[in-house]
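Here's the structure, in structure tokens; my notes come after.
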Amino acid sequence: HGTTFGGNPVACAAGMVVVDEILEHGLINNAREMGDVLIAELRKLHTEFPRLIKEVRGAGLMVGMELTREGDSTVSKLRDAGILINCTNTTVLRFLPPLIIKREHIEMTAAALRNALRAL
């Protein structure tokens with residue numbers, strides 16, 4: 001992207017700090033590992049709810065779950081459970097968790113999603 005002020009020394013210094021943090025704390029590996037866990041948990045739900053879930057797809061921590069119906073009510077139920085996701089193209093639940101996510105957060109999300117899907 002082009003930007004008028006993006007290449008200034010302060011912005012560059014901030015960018016370097018971010019890159020250093022990502023590399024120093026293994027966030028890339030965590031994204032890969034936790035992404036695999038997230039996709040596996042969502043695929044388990046696909047097996048449990050084949051009439052509600054059309055597909056699970058993604059890479060790393062960028063994951064989508066396509067439903068066979070509109071997803072707004074599922075997004076609302078998850079929000080009520082303290083989990084923020086969104087729905088794109090009316091039927092695709094988009095999961096884009098932070099790079100620092102842990103397994104227990106994914107398990108909590110899967111449990112809340114299971115409850116939301118049962119309510120459908």
| Under a point-charge model restricted to the Cβ atoms of Lys and Arg (+1) and Asp and Glu (-1), what is the dipole moment magnitude of the chain relative to its Cα centre, in debye to the nearest 20? | 520 debye
| remark: Placing +1 on each Lys and Arg Cβ and -1 on each Asp and Glu Cβ in region 12-80, then taking the dipole about the Cα centre, the residue among Val18, Met62, Val75 whose Cα reaches farthest towards the positive end is Val75
| request: For Val10, tell me the accessible area in Å² from a 1.4 Å probe, rounded to the nearest 10. | output: 110 Å²
| field | Zone of Val18's modelled label, taken as backbone nitrogen in region 96-117 under 19 Å from a point 7 Å along Cα→Cβ | value | 96-101
| field | Euclidean distance between Cα centres, region 100-118 to region 53-96, Å | value | 12 Å
| request: Quick one: accessible surface of His105, probe radius 1.4 Å, all protein chains present, in square angstrom to the nearest 10. | output: 80 Å²
| remark: Order by accessible surface, 1.4 Å probe, largest leading, for residues Asp20, Asp80 comes to Asp80, Asp20
| With every protein chain present, what accessible area does Thr3 have (1.4 Å probe, heavy atoms only), rounded to the nearest 10 Å²? | 100 Å²
| What is region 1-102's relative contact order, in percent, from Cα pairs under 8 angstrom and six or more apart in sequence? | 23 percent
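First compute the accessible area of the chain with a 1.4 Å probe, then give the percent of it belonging to carbon and sulfur atoms. Walk me through the numbers before you get to the answer.
Numbers: 4380 of 7710 Å².
Exposed carbon and sulfur together represent 57 percent of the surface.
Counting DSSP beta bridges in region 1-92, what percent are antiparallel, to the nearest 5?
Values: 8 of 8 bridges.
If we restrict to bridges inside region 1-92, about 100 percent are antiparallel.
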| query | Distance in nm between label sites at Asn8 and His25, each 7 Å beyond Cα in the beta-carbon direction? | reply | 2.6 nm
| Let a ≥ b ≥ c be the square roots of the eigenvalues of the Cα gyration tensor of the chain; is it rounded (a/c under 1.5), or, if not, prolate (a/b larger than b/c) or oblate? | prolate
| request: Could you work out how far apart the two model spin labels at Ser73 and Asp36 are, taking each label as a point 7 Å from the Cα in the direction of the beta carbon, and quote it in nm? | output: 3.7 nm
| Low-density loop cleavage sites - trypsin sites (Lys or Arg not before Pro) in region 17-120, where at most 16 other Cβ are within 10 Å (DSSP) | Arg51, Arg69, Lys102
| request: Excluding Gly26 itself, calculate the net charge of residues whose Cβ lies under 12 Å from the Cβ of Gly26, where each Lys or Arg counts +1 and each Asp or Glu counts -1. | output: -2
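Rounded to the nearest whole Å², what accessible area per residue is found for the chain with the 1.4 Å probe? It would help to have the intermediate numbers written out before the result.
Numbers: 7710 Å² over 120 residues.
Each residue of the chain exposes 64 Å² on average to a 1.4 Å probe.
The values are calculated or read from the model by the stated rules, or taken from the named source; none is laboratory data. This is a predicted model, so every value here is computed, not measured. All Cβ positions, glycine included, derive from the backbone under ideal geometry; neighbour counts span all protein chains shown. With ligands, DNA and RNA removed, areas are computed over all heavy atoms of the protein, side chains included. Shrake-Rupley method; radii C 1.70, N 1.55, O 1.52, S 1.80 Å.
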